[in-house]
Amino acid sequence: MLFFLVTAAAFATAGVAAAANGGFTPQYAHSPNADRINTAYYLILGFTGAIFVLVEAALVVFIWKYRSRGRPRSAEGVQVHGNTRLELIWTVIPVVILAVIGIFVFYELPGISNVPSASAGDRVNVTVEGHQFYWQFDYPNGARSIGDLHVPVGKVVYLTIVSPDVDHSWWVPQLGGKTDAIPGKVNHTWFTADRAGTYIGQCAEFCGTFHEAMRTRVIATSAAEYETYVGSTAQKDLGRSEFQGSCATCHGMKGEGGYGPSLSTNPLLVQPSGLAPIVRNGFGKMPPVGEGWSDAQIAALVRYAKAKIFKGAAASGG
Ligand code: CUA
């Protein structure tokens, strides 16, 4: 009875999970490599699902058919000594299944890992830097953004993934598999977004206190909107994206404090000469979040802080 209840509960929750697409099924793919990963997933799910049903059904049948029926515990059953044909069958079938899965995965693999050939005009190269605790993006024209990666729809986006501090892992499920960002190593991956939209990603390698806050968004737009973004918007938006993408994780979206102290009344926030060394080198518990940030980036951060965060120095003596 317990077995039936457990099985019924498993199927009931599986139904809920599948309906919400939050359980056993991957997110809908919006890039060819993600699509191939999903296809491999469903092939393996098909085999393993069929095996599960077969084994559990046989178990139920055997439990029922060969129950004791009040026989004495000492009664001997029929003595069986091997069955060559059965043993061959249950060896050959798994070998065939594993071969089919292996062949299929090797057939799909080049389309997952190899970057499709594209002319220079149809390809965008972006350098992705994982930091404690944000993602930084460098575009071909020198523009930089933090937190949000802007890309044109339908073009091959080739990512060079690095990290100056600890291991992170780039992962936007709808646009492909995970790629690690490892200090001292350069990794690559790619995607081609098949429609305009916002795709959510999350760092997939435990990297410290705020690993869970290390999210990202890929914003796919028309080629014209993308050009406007990297041409001018990114520059105007840099200070905001720096503050909200990195500082706010610990200090709050309005600098009101959180894990880190409140910033909104700290005059250091609006002095480039005071702020730069703290941001670049870290201070106390604060990691060097802005390691490698240019003077222009520090200036952009100060401009944003002056306009949106700083409320004037706190009165001394309380
Ligand atoms: Cu970066 Cu986890």
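The values are calculated or read from the model by the stated rules, or taken from the named source; none is laboratory data. This one's a predicted model, so the numbers in the text were calculated from it and none came from an experiment. Because the Cβ atoms are built from the backbone with ideal geometry, glycine has one as well, and the counts that use them run over all protein chains shown.
When 96, 153, 61, 92 are screened for being touching a residue at least 60 places away in the same chain (Cβ under 8 Å) and aliphatic (A, V, I, L, M), only 153 passes.
Here are some residues: 201, 208, 197. Which one is at positive phi and within 16 Å of the ligand (Cβ to nearest atom)? I'd like the intermediate steps shown before the answer.
Details: 201 fails: at positive phi; 197 fails: within 16 Å of the ligand (Cβ to nearest atom).
Residue meeting the stated conditions: 208.
For region 256-284, the set of residues classified as in a loop (DSSP other than H, G, I, E, B) and touching a Lys or Arg at 6+ places or on another chain (Cβ under 7 Å) consists of 264, 265, listed by residue number. In region 106-120, is there at least one residue being in contact with a Leu (Cβ under 8 Å, 6 or more places away or on another chain), surrounded by fewer than 19 Cβ atoms within 10 Å (Cβ to Cβ) and hydroxyl-bearing (Ser, Thr, Tyr)? Checked region 106-120: no residue is in contact with a Leu (Cβ under 8 Å, 6 or more places away or on another chain), surrounded by fewer than 19 Cβ atoms within 10 Å (Cβ to Cβ) and hydroxyl-bearing (Ser, Thr, Tyr). A residue that is under 16 Å from the mean Cα position of the chain (by Cα), away from the ligand (no atom under 16 Å from the Cβ) and outside any loop (DSSP other than H, G, I, E, B) can be found somewhere in region 215-233. Applying a threshold of 7 Å to beta carbon distances and a minimum spacing of six or more residues, or different chains, the list of pairs starting in region 121-137 at a residue that is closer than 14 Å to residue 187 by Cα and assigned to a strand (DSSP E or B) and ending at one that is of a type in the set (Asp, Glu) and more than 12 Å from the ligand (Cβ to nearest atom) reads 126/138; 127/138. Quick check: anything in region 240-254 within 28 Å of the chain's Cα centre (by Cα), surrounded by fewer than 15 Cβ atoms within 10 Å (Cβ to Cβ), at pLDDT below 90 and not basic (Lys, Arg)? Checked region 240-254: at least one residue is within 28 Å of the chain's Cα centre (by Cα), surrounded by fewer than 15 Cβ atoms within 10 Å (Cβ to Cβ), at pLDDT below 90 and not basic (Lys, Arg). Considering each of 273, 222 in turn, give the residue that is out of contact with any strand residue (DSSP E or B) (no Cβ under 6 Å at 6 or more places or on another chain), among the hydroxyl-bearing types (Ser, Thr, Tyr), surrounded by fewer than 16 Cβ atoms within 10 Å (Cβ to Cβ) and at pLDDT 90 or above. On inspection, the qualifying residue turns out to be 222.
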